[in-house]
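Before any comments, here is the structure.
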């Protein structure tokens, strides 16, 4: 069978081993993006923590942001910087590992034009940056190696109620724009949605289309031409852009941390699961200790999640098989902590006995990363879709083939 005859899933499984090796190649686009991201984090920490007082403020938040960050409001820079030091680079690489696992099984969402994604409980958006970088570097690799498919660009959206995250994400995104470095194919300059309790992808998308329809109607009216509301809405529907009503990839990483929260958000998780596109993937990351077994059980029994196909259920040791990622994460953490120690040694000494011993040794090679669990679900099969969804899906595929002149199936 020729490469052009391969379905996307089989193609992913075939090229996954060679692609994954690029993570260890310092000259690859994937490594350049990851290193650039790590430098952006370090630059942001260095730009904010310049005095003893600023360092002391961050030091006071080191333990809370490590042990019970779900109880923090994240309305202070000190909280956001402390969280960034512990978690950003670590979770960036964890998410890329998850994408590697999905690709190895043939389930990485691939689209002709763009891959829509949503990160829930995003904080500083490590998953969003990781996914966008992953797809951009994978696209480069596909084109350099004359692959029959390319993954498409990422259209990201983030959701978190922490007031500090919007500004912090903006600074991080600006920090990745460096002279002599590949320009980022995406721009993430804030938090898109604030509260999961009130968020609905259909409501947001329909409101945008309704506003666009009214704008179109007003433009025709200004030219002295009457256009009905229905005609204006049909014209608005032909426009691409705006907030998506469905997602190809949804990431919920380290967001569900207790049973009460999981129960409270069960209906919203169901709604998100039902908003996946055909072939779309819903990813959960979380812990393995108490109370996570009960949290995972509740997630499995959410109504729409239970109708999806489980494609990953893995207990992973963070960065255990990725030497470059492990050293990059450890070095970023140690470098940031060393800056705090140098600027405010007495304050750091006061909290150092409460921190894990491996992170205060000043040796990146001694840091031990905790294990975590990955669950991923895929929306596929006619039983998961209404007749209207199937009809609209076939229409979109036909329109895409006409515009791209490519009849390769992109969903397996």
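Quick rundown of the values:
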quantity	calculated
Choice from 137, 275, 218 showing the highest fluctuation, given a GNM over the chain with Cα pairs closer than 10 Å	218
Exposure proxy order (Cβ contacts within 10 Å, fewest to most) of 378, 268	268, 378
Antiparallel DSSP beta bridges within the chain, as percent of all bridges there, nearest 5	45
Inter-site label distance for residue 260 and residue 371 at 7 Å from Cα along Cβ, in nm	2.9
R0 of 30 Å, Cβ-Cβ distance residue 358-residue 197: FRET efficiency to nearest 0.05	0.20
Least to most buried among 94, 233, 197 (fewest other Cβ within 10 Å first)	197, 233, 94
Principal-axis tilt of helix 201-222 within the chain, Cα atoms, nearest 10 degrees	50
Length-normalised contact order of the chain in % [C-alpha pairs under 8 Å, at least 6 apart]	20
Residue list for the stretch 199-214, given a label point 7 angstrom along the Cα-to-Cβ vector of residue 270 and an amide N cut-off under 20 Å	199-204
Residues in the stretch 193-216 reached by a label modelled at residue 238 [backbone nitrogen below 18 Å; 7 Å Cα→Cβ]	209-216
Fewest-first ranking of 72, 102, using other Cβ atoms within 10 Å as the exposure measure	72, 102
Estimated Rh, the stretch 222-312: Kirkwood, alpha-carbon pairs, angstrom	15.7
Using alpha-carbon coordinates, inclination of helix 89-104 to the longest axis of the chain, degrees	40
Cα-based helix-to-principal-axis angle, 387-404 vs the chain, degrees rounded to 10	90
Residue 309/residue 346 FRET efficiency (R0 56 Å; Cβ-Cβ; nearest 0.05)	0.50
Stretchable slack from residue 288 to residue 219, in nm (0.36 nm times residue separation minus alpha-carbon distance)	19.2 nm
Of 66, 101, 159, the one that fluctuates the most in a GNM where the chain has Cα springs shorter than 10 Å	66
Extension gain from residue 331 to residue 46, taking 0.36 nm per residue of separation minus the Cα-Cα distance	101.1 nm
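Read-outs throughout are calculated quantities, based only on the coordinates presented, and are distinct from any laboratory measurement. Owing to the predicted nature of the structure, the values given are computational and were not obtained by experimental measurement. Using ideal geometry, Cβ is built from the backbone for each residue, glycine included, and neighbour counts are taken over all protein chains shown.
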